[in-house]
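Notes for the one structure printed next.
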Amino acid sequence: MTDTWTLEPSDGELTVRTGVTGRAARMGHRLTIAMTRWQATVRWAAGEPDTAELVVEVNSFEVLRGEGGVKALSGPEKALVRSTAMRSLDAGRFPQIRFTAEAIVKTGEGYRLSGTLDIRGKSRAHVIDLRTDDLGGRWRMSVESVVRQSDYGVKPHSLLMGSLRVADEVTVSFAAVRAKDG
């Protein structure tokens, strides 16, 4: 028997957390960014996940908050961050980020998904350890994965002649809940 699950933002959230580096790092904000349009598709075979794919619309980038920094992150500053990110990710030419799992292996806490991550037209091997929790009538799925922007041709933004930079590594978090099929 084959079953397909489709997960969307109404089922959970996909966020990106950035850090700051450089001599002036204390002046910068560590950002939490929501990707508000995405879809994960999981195809099941014989009661186990067989394939999985996550497609994220780059233009759905929304700055939720900034921690640290000299002063609070303002609305215009959030808009500037978004605009800069759209240019860095070349969202017009590459409107989607895609992860496709080629191998899924059951682990003690869930599944290890080995596949390809495609950002800005560059594809690299990527492994995700997905945690699954049985909530009775529902499953909770969660993962945190580190992505190095420069591996995909994304140049982290910098200010003050490079003394304040967005860290090259960002943490991507995914969490969703789905009802079990009867």
- Once the Cα atoms of helix 75-88 and of the chain are each reduced to a long axis, what angle between those two axes, in degrees from 0 to 90 to the nearest 10, is obtained? 70 degrees
- Query: Rounded to the nearest 500 deg cm²/dmol, what is the calculated helix-only ellipticity per residue at 222 nm for the chain, with -39500 (n - 2.57) per DSSP H run of length n ≥ 4?
  - Reply: -2500 deg cm²/dmol
- Note on the structure: Cross-link reach from residue 106 to lysines, straight Cα distance under 30 Å and at least 8 residues apart if same chain, gives 122, 180
- Task: Give me the aspartates and glutamates in straight-line cross-link reach of residue 155: C-alpha distance below 20 Å, same-chain residues under 8 apart excluded.
- Result: 57, 62, 77, 90, 118, 168, 169
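If each residue of separation counts as 0.36 nm, what is the full-extension length gain between residue 129 and residue 83 once their alpha-carbon separation is subtracted?
Net length gain for the segment: 13.4 nm.
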- Take every Cα pair under 8 Å in the chain that's 6+ residues apart, average their separations, divide by the length, and report that relative contact order as a whole percent. 24 percent
- How many percent of all Cα-Cα pairs in the chain sit more than 27 Å apart? 32 percent
- Query: Probe 1.4 Å, all protein chains in place: accessible area of residue 97 in Å², nearest 10?
  - Reply: 30 Å²
- Note on the structure: Classified through the alpha carbon gyration tensor (a ≥ b ≥ c as square roots of its eigenvalues; rounded if a/c is under 1.5, else prolate when a/b is larger than b/c, else oblate), region 72-143 comes out oblate
- Quote to one decimal, in nm, the extra length available between residue 139 and residue 30 on full extension: 0.36 nm per residue of separation minus the C-alpha distance between them. 36.2 nm
- Message: Just the number please: accessible area per residue for the chain, 1.4 Å probe, all protein chains included, in Å².
- Response: 57 Å²
- Query: Which value, in Å² and to the nearest 10, is the accessible area of residue 122 when all protein chains are kept and the probe is 1.4 Å?
  - Reply: 80 Å²
- Note on the structure: Sorted on mean Cβ neighbours within 10 Å (highest first), peptides 83-89, 35-41 come out as 35-41, 83-89
- Note on the structure: Magnitude of the Cβ-charge dipole (Lys and Arg +1, Asp and Glu -1) of the chain about the Cα centre, nearest 20 debye, reported as 920 debye
- Share of accessible surface on carbon and sulfur in the chain, whole %, 1.4 Å probe and ligands ignored, is 52 percent
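Mind ranking 61, 94 by accessible surface for me, highest first, 1.4 Å probe?
Correct descending sequence by accessible area is 94, 61.
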- Query: For residue 167, which sequence-distant residues (separation of 5 or more, or a different chain) have an amide H within less than 5 Å of its own amide H, given hydrogens modelled in the peptide plane?
  - Reply: 19, 20, 21
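The values are calculated or read from the model by the stated rules, or taken from the named source; none is laboratory data. For clarity, every value in this text was computed on a predicted model and none was experimentally measured. Using ideal geometry, Cβ is built from the backbone for each residue, glycine included, and neighbour counts are taken over all protein chains shown. Each accessible area value is taken on the protein alone, full model and side chains, heavy atoms only, with ligands, DNA and RNA left out. Shrake-Rupley method; radii C 1.70, N 1.55, O 1.52, S 1.80 Å.
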